[in-house]
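This report refers to the structure that appears directly beneath it.
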Amino acid sequence: MSQRRAHRAAILHTVADPREVGIEACYQYFEDGLLVVEDGKVVQLGDAEELLPALGGDVEVVTHGDALITPGFIDTHIHYPQVGIIGSYGEQLLEWLETYTFPGEAQFEDIDHARAQANLFIKELLRNGTTTALVFGSVHKQSVDAFFEQALELNLRMIAGKVLMDRNAPDYLRDTPESGYADSRELIERWHGKGRLHYAVTPRFAPTSTPEQLAAAGKLFNEYPDLYMHTHLSENKAEIEWVKELFPERDGYLDVYDHHGLIGARSVFAHGVHLCDSECARLGESGSAVAFCPTSNLFLGSGLLDLEKLEGHGVRVGLGTDVGAGTSFSQLQSLNEAYKVLQLQGQKLDPFKALYLATLGSARALYLDDKIGNLQPGKDADFVVLDYCATPLLEHRTGRADSLREKLFALMILGDDRAVKETFAAGESLHRR
Ligand code: GUN
Ligand code: ZN
């Protein structure tokens with residue numbers, strides 16, 4: 001049993017999708033709020049003045065000053081072996097993979113390298129206020145061991161998997177349908193459900209797996225309860241043409257995954273920027289999710305995600321950084337770029353909707369909204385303390401803001417890791433700026 005502790009500051013979280021309930025009903029805000037935490041969970045949330053009298057004299061109250069507590073950010077798509085190649089120049093997806101990504105991922109055969117990179121990666125997530133991520137490993141099973149060992153040690157809620165790829169990749173990075181299945185099974189047995197960890201069956205994308213491997217992945221996905229399936233979909237036009245050539249018998253890119261039993265609740269598809277209506281409808285009815293990765297889509301010149309269309313078809317949409325094609329670990333920066341991606345299509349991203357996307361919406365995309373995504377009592381105590389005055393410009397702009405909405409918008413347009421003052425997971429402080 002850990003000691004009951006209370007955090008006092010302004011507190012903001014979302015409780016529903018503004019698309020369903022409207023902006024005013026989608027959030028709760030406590031200007032002088034209190035978040036009471038015990039044994040890694042939220043036990044009370046409300047106005048400080050109401051809760052303090054009944055709190056009990058032995059409860060430590062931590063006052064965070066002129067700051068904003070929000071739920072920890074959730075990243076629904078990121079590659080941990082790509083920290084070392086972030087910001088690599090000049091290519092679009094397929095050439096970028098060949099030139100930078102595959103050589104970088106080859107080094108993860110070495111467990112010591114994997115451990116060092118996992119350490120850097122997790123620190124960077126926490127520095128940016130991200131407390132849960134859906135993570136690609138490399139093809140090597142030890143890459144996932146290195147990641148989960150450290151996530152378990154810190155008691156983080158994390159989802160990861162070993163990449164499956166048995167063709168159209170260098171020899172040194174290929175597995176086989178049999179070895180990929182066996183290695184994934186071994187990792188599931190070792191990690192899935194341990195602490196707050198979950199396993200994702202992770203075929204890289206349709207072009208790098210044979211139909212035999214995709215079938216094995218589909219079989220595995222259905223063999224254990226609550227597994228995830230994590231892959232890429234319709235990111236880049238040349239990629240989509242290539243999938244058509246490789247799978248002429250299938251009715252488009254999504255159908256390749258559908259045919260192999262890879263669609264449904266807990267299936268997460270990164271990107272989905274070039275989907276037709278029938279593909280959106282299929283994703284929606286099957287309960288699958290799309291990870292919207294704006295910094296990556298702009299960096300690789302992939303295209304603009306049509307949020308209105310996806311949500312109109314009932315697709316669960318989460319927010320992802322897609323580091324190392326994405327250019328920042330900060331979900332505030334993802335929201336900054338998401339706003340612009342939508343502006344270019346005549347769509348709006350209200351600041352409260354943006355907060356929803358980075359927290360509860362992403363939790364819903366991952367079917368974890370009963371555990372994370374907001375600060376309702378009973379949820380995991382994963383939260384961040386944001387600093388309105390992190391930079392002179394932020395201080396100046398938020399100081400002139402007339403409303404919470406305006407301050408929140410300034411935070412997501414101007415903020416990044418500097419705006420994250422402290423990050424808590426399961427009630428423990430894991431990063432302090
Ligand atoms: N498609 C297949 N592999 C990758 C990858 O590593 N990054 C991105 N952005 N797209 C991919
Ligand atoms: Zn990716």
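Read-outs: derived from the displayed coordinates by stated rules, not from any lab. Please read these numbers as outputs of a predicted model, since none were measured by experiment. We place every Cβ from the backbone using ideal geometry, glycine too, and count neighbours over all the protein chains shown.
Some values worked out for this structure:
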read-out: The chain: angle of helix 211-221 to the longest principal axis, Cα-based, in degrees nearest 10; value: 40
read-out: Top of 92, 331, 117 by mean-square fluctuation, Gaussian network on the chain, Cα under 10 Å; value: 92
read-out: Computed over the chain: relative contact order in percent, which uses C-alpha pairs under 8 Å that are six or more apart; value: 20
read-out: When each of 141/244; 162/219; 194/371; 41/141; 162/309; 309/353 is checked by Cα-Cα distance, pairs over 20 Å; value: 141/244; 41/141; 162/309
read-out: Using alpha carbons only: equivalent-ellipsoid semi-axes of the range 130-194, gyration tensor based, whole Å; value: 23, 12, 9
read-out: Selected from 312, 303, 272 as most flexible by GNM, with the chain as the system and alpha-carbon contacts under 10 Å; value: 312
read-out: Listed residue (256, 365, 121) projecting farthest to the positive dipole end of the chain, Cβ model; value: 121
read-out: DSSP bridge orientation in the chain - percent antiparallel, rounded to nearest 5; value: 45
read-out: HN-Hα J in Hz across the range 6-14 - Karplus 6.51, -1.76, 1.60, θ = phi - 60°, x for Gly and Pro; value: 10, 10, 10, 4, 5, 10, 9, 8, 9
read-out: For the chain, convex hull volume per residue from C-alpha positions, Å³; value: 132
read-out: Debye intensity ratio I(q)/I(0), log10, the range 265-400, q values 0.15, 0.16, 0.20, 0.22 Å⁻¹ (C-alpha model); value: -0.77, -0.87, -1.25, -1.40
read-out: Helix 331-343 vs. the chain, principal-axis angle (Cα, 0 to 90°, nearest 10); value: 70
read-out: Quotient of C-alpha Rg and 2.2 N^0.38 Å, computed over the range 19-92; value: 1.73
